[in-house]
Each structure stands twice: as structure tokens, then as C-alpha cells.
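Right, one structure below, let's go through it.
Bear in mind that the values in this text are calculations on the coordinates, not laboratory data. Remember, it's a predicted structure, so these values are computed and weren't measured experimentally. Don't worry about glycine lacking a Cβ; one is built from the backbone with ideal geometry, like all the others, and counts go over all protein chains shown.
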Amino acid sequence: MPSKMKTCEDYRTALTNATAAAAEPSLELRSHLDACASCRAAFTEELQLFAAIDTGVRSAANAEVPASLLPRVRVQLNERPVLRHSWVLAGAAMAAAVALVAVIVFVRGFGGDTIPTNPQVISAARNVPPTRIQPAPPAVAPYETAGLARKHRQIRAAKTAPIVAAAVAEVAVLVPAGQKQAMDALLAGVRQGQVRADVLLAENSEKTLEDLQVSPLDVSPIEMKPLEDVGAKSPASQNEKARR
Amino acid sequence: MQELVLIQPGRAAEKEFAQEAAQAALRREFEERLAECGPLAYRVARGVLHNSADAEDVAQEALLRAYRRFERLRDRARFRGWLVRITFRLAIDRVRSSKRREVRETLWSQSAPGPSTEDLAATSEFQAHLDRAMEKLPEKHRLVLLLAAMQGHSLEEVAEMLGLPVGTVKSRLFFARKQLAEKLRCHRK
């Protein structure tokens, strides 16, 4: 099959491609340019066009850098310190939130423990048989343990025992008037080692809790009166009557 | 009960000192690159924006952004390409936002300010056509065209900067120039 004869249009496309690629025209193209004046003129125009484009692009790409650029950047660098990673900031925020929650839990948890008013605990202390009482371990401070109601706090108390023991001497405990005697007896027992604090708080003390009896609530009958009678006796209505 | 935490001021101070030393080292390292790459950022911005003031603003923002993220750049040898991409992206965003602003201003006020005397003097008619034609190029072609036109950049360097094969750079450059020629042929006297 014979190859198709190339037209000047085909050669001009090839010329444009060669010029765009900044490549030398092929041998075939050069021989055509030698023979064809119009293509030669077109090639010259293409070369001028690309030269103009290159000049324009170079002038845009190599603009003179203003002297103020780097000093401005340096001033900004001094004004704006490097921000840490966003995850570091997020972590710091989360740590702050956790710390806040811990403080709230701490305050709430220990605010109620400073006054050991639970009669059930005191009752349980009285009901413990003496034979089961063993000397208290020295690591647990008496006042502290008397106020604790949960197991995890016992563990924490044991861990921080020296600090608590040092601070306990100055602790004042508020006790309801009716329970002072019982509390004194309990604390004396704890001090002398006759009452083991952890036994007081052990879970098996639930059996003794069953002994506690609560008298049923006595609700007196409610007297019902019509609103008019109530209104007639109120000071506001008396004032109104006086005005009339 | 209070759980006491033992504060060790010496250790905190050491940590703070180490952080400050790291910051200072980071700053020094960035300063070294700033002198070298600041002009590059400006020229990339200028090539996109065709306006000196905007280009300076964008270059400054790009450099500051690069500084803020410099710590995260694992391969510091890629700083130039990284900065070029940041700058190019910021410049493109600036062009887009200014186009949106122009549309808004045209809607609300017909007396929008024209180009400044400086801009008019600096831009010939052909250059204005060229700038417009460049704006219409695909971004990846435009960036290669600009970088390749900058003094001292060989195609190999452009390829390394952009993390591309040299063949891809050549191909993009070829298509960019060809498209510009097609658009500007009618404006060539």
C-alpha cells in the first residue's frame, strides 16, 4: 500500500510540534522547508511566536524580587511563633479536660467522706465480735479509713498512707450530735487496734446491715380546704377588704 | 485525702530549655532556606498573579506557612518543591478569590478601578494576552512552564523539585507551549 503524500498542512503541524518541543526539525521536514517557501515563512513565524512566548514567560517567571520580602517575612516569623502540631494542641486540651473531670470527681467524692455519719457503719462496728478483731495494719490511718466507704478508696489510702497519716492529726470531723458517742467509741477502738478498719468496710458486713430496722413512715392525713377559705384568711385579701 | 504530686522544677526547666533549643535550631535551619527559596516563592507567585504586590503577599504567606509546618517536613531536601507547591496553591486561590471579588464588585459598582499605571507600563499588549493565555493553562502545565522558565532551572531540576520523571516534565512543557502558541497566534503581529 503506497504511503499517503504529505501536504504542507501536515508539515506545518510537524513544524509546530518541533518548535513547541524546542527540537530540531527532522531531515524530512528540513528538506520540505528547503523546497517550500510558504512553509519556510510559516516556520519563521512559528519560531518568532515561540521566542515571544518564551520571552514573556521568562519575564513573568524571573521578576525582580522586592527587597522588602525577606525582612517582612522575618518580622512575621518573630511575631508568630511556630504552632505545635494540631494533635498536640488537641492532646493538651484533652488532658486539661481530664484534669478538670478528675478535680470534680475528687472534690465530690471526698467532700462527703469527711463526715462519717452513716449509722449503718457504726452499727456494723458495734456488732463485730471481738474475737474477729485484729490489730489494724499500720499503713492505714484511722480517721481516713473510718470515712472511706468504697473498696478502691482503701487501696488508694494504702498507697498514700504516709501522707495521710501525717495530715490526719489536724483533721476535724463533724458528727451529728446523737452519733458522737458511737463515733468516739469506734475511733477509740480503731486507735487501740481493737477494730480493724478494713473489716468495718468489708463487703460481708452486708449481713449485719440486715439487722438495721427502719420504722415505717407515718403520714398524717391531709386536711383539704376549699381555696376560698384559704384566700379569705390570707393577708392580701384582708388588705383588700380594708381598702373597700 | 489529697494525692500530692512532687514537682521537680529542674526537670521542667530542662524540658523547656530543650524545646527552646529545638525551636532555635529549627529557626536557623529555616532561615538558611529562606534566603535561598524566598525569591523562588515570590517568582512562582508573580508568575501566577502577574502583580507584584499580590505576589509579595502570597510569597510571604507561603513562607510563613512553610515555617509553621517545617517541623513536619521529614525530607528537608524536598523543601524547594514543597514551598513551590504551597506558593502555587496559594497564588491560584488568590486568583480565584480575586475573580470572585471582581464579579461582586462589578455587580455592585460599575466603576471598578482599572489596572495601575505601573501595571500598564510593565505589561505590553502581547504580555497581557500571554498572561491571560497562561491563566487558562491547566495548573500542572502552568507550574512546569514557570519553573522551567526561571533562571538556573534545568528540566532535571524541575523534575526533581516536583517529584516527577523528566519525561513528564518535558511532556507538560511541550503541551503548555503548544497551547500558548495556539491561543496567541492570532495576536502575533
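Structure notes:
- Pairwise FRET efficiency - A:Ser26 versus B:Glu31, Cβ, R0 = 51 Å, nearest 0.05: 0.50
- What you get for the stretch B:119-189, charging only the Cβ of Lys and Arg (+1) and of Asp and Glu (-1), is a dipole of about 440 debye around the Cα centre.
- Each of B:Leu155, B:Leu143, A:Leu186 was scored by other Cβ atoms within 10 Å of its Cβ. Arranged with the fewest first, they read B:Leu155, A:Leu186, B:Leu143.
- Gyration tensor analysis over the Cα atoms of the stretch B:18-108 returns equivalent ellipsoid semi-axes of 30, 13, 10 Å (largest first, whole Å).
- Annotation for B:Arg72 and A:Met94: the two label points, set 7 Å from Cα along the Cα-Cβ direction, are 1.7 nm apart.
- Protection-proxy order for peptides A:218-224, A:189-195, each taking the mean of Cβ atoms within 10 Å per residue, highest first: A:189-195, A:218-224
- Summed residue charge, Cβ within 12 Å of B:Ala91's Cβ, Lys/Arg positive, Asp/Glu negative: 0
- Under the simplified labelling scheme, the B:Asp93-B:Thr168 pair shows an inter-label distance of 2.3 nm, with each label point 7 Å from Cα along Cα→Cβ.
- Dipole-positive endmost among B:Ala55, B:Gly38, B:Leu73 within the stretch B:34-82 (Cβ charges, Cα centre): B:Leu73
- The stretch A:8-61: C-alpha pair distances exceeding 18 Å, %: 31
- Residue-count net charge about B:Val48 - beta-carbon cut-off 14 Å; Lys, Arg +1, Asp, Glu -1: +3
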